[in-house]
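A.B. asks: Below is the structure I would like to discuss, written out as structure tokens.
None of the figures in this text is laboratory data; all of them are computed from the coordinates on show. Note that the coordinates shown come from a computational prediction; the quantities given were computed from them, not determined experimentally. Methodologically, a virtual Cβ is constructed for each residue, glycine included, from the backbone with ideal geometry; neighbour enumeration extends over all protein chains shown.
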Amino acid sequence: MVSDFHTHTSLSDGDLSPIEMVRRAVVNGYTTIALTDHAAIGDMQRIIPEIIQVCAMARNYWDILAIPGIELTHVPARAIAETAAKAKELGAWIVVVHGETITEPVESGTNLAAINSPHVDILAHPGFLTLKEAQLAAAKGIFIEITARKGHSLTNGHVAKTAYQAGARMLVDSDSHTDRDLLTDEFASAVIHGAGLDDVTCQDILTVNPEILVKKILGRYQI
Ligand SMILES: [Zn+2]
Ligand SMILES: [Zn+2]
């Protein structure tokens with residue numbers, strides 16, 4: 001029963017073709033997977049139409065909700081709003097923003113710009129997310145990611161504590177770049193507990209919050 005809203009394929013720096021990634025997810029017991037390759041402007045125009053086609057094929061023939069998305073990565077903070085709007089215009093169902101992880105020189109202001117954009121759905125690995133940012137995310141319904149990805153996960157404890165305090169909704173994502181990164185319920189639960197969160201919040205993250213996000217997406221788009 002895994003839902004995972006952040007994965008990569010060979011359309012950016014992942015190992016597997018988009019359709020193989022979805023196939024591996026089906027076999028892994030996923031009910032929902034979003035393909036969210038890294039992009040900015042330009043590459044987004046190439047990648048999104050391909051992801052849309054692959055996800056439609058997977059949904060038609062397999063028992064999985066394959067969601068076409070994009071991860072805006074190292075987009076200048078002041079260009080995030082317009083780029084996210086463009087991604088939705090190109091047909092992405094979900095826009096993830098590559099947040100201010102401590103392991104990469106992500107431009108300061110990226111977290112805030114993502115949270116302020118109505119076209120962004122998830123702020124991924126936001127590093128030293130501030131309480132103000134988390135409160136804003138809670139008010140605007142932007143999901144804050146607890147990541148299973150090495151490196152980015154170094155600040156999971158801080159992110160979890162801050163998002164919890166602010167009442168922001170959280171998700172756990174794999175940020176998979178290969179099939180070996182895909183989640184199981186057990187591992188997702190371990191990542192959440194490892195971030196210091198309790199059982200009730202863990203259940204919210206694994207079941208309630210993905211349902212809310214999927215409803216939001218399906219309300220917005222027809223499949
Ligand atoms: Zn990557
Ligand atoms: Zn990613």
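A.B. asks: Starting from the Cα-Cα distance between MET1 and THR178, subtract it from 0.36 nm times their residue separation and give me the gain in nm to one decimal.
C.D. replies: Taking 0.36 nm per residue and subtracting the Cα distance, the gain is 61.8 nm.
A.B. asks: Whole angstrom only: what separates the Cα centroid of segment 128-163 from the Cα centroid of segment 41-74?
C.D. replies: 25 Å
A.B. asks: Multiply the residue gap between LEU218 and ASN28 by 0.36 nm, knock off their C-alpha separation, and tell me the result in nm, one decimal place.
C.D. replies: Taking 0.36 nm per residue and subtracting the Cα distance, the gain is 66.1 nm.
A.B. asks: Next up: Over the chain, what is the relative contact order in whole percent, taking alpha-carbon pairs under 8 Å and six or more residues apart?
C.D. replies: Once divided by the residue count of the chain, the mean separation gives 19 percent.
A.B. asks: Grab segment 38-176 and count how many Lys pairs have their alpha-carbon atoms under 25 Å apart, sequence gap of 8 or more, or different chains.
C.D. replies: Within segment 38-176, the lysine pair count is 6.
A.B. asks: What is the set of long-range amide H partners of TYR30 at a cut-off below 5 Å, with H atoms built 1.01 Å from backbone N?
C.D. replies: Residues meeting the amide H criterion: VAL2.
A.B. asks: Once you put a point 7 Å from the Cα of LYS150 and another 7 Å from the Cα of PHE128, both along the Cβ direction, what distance in nm separates them?
C.D. replies: Inter-label distance under the simple model: 2.5 nm.
A.B. asks: Tell me the label-point distance for the pair ALA79, GLU186, using the 7 Å Cα-to-Cβ offset, in nm and rounded to one decimal.
C.D. replies: Between ALA79 and GLU186, the simple spin-label model gives 4.5 nm.
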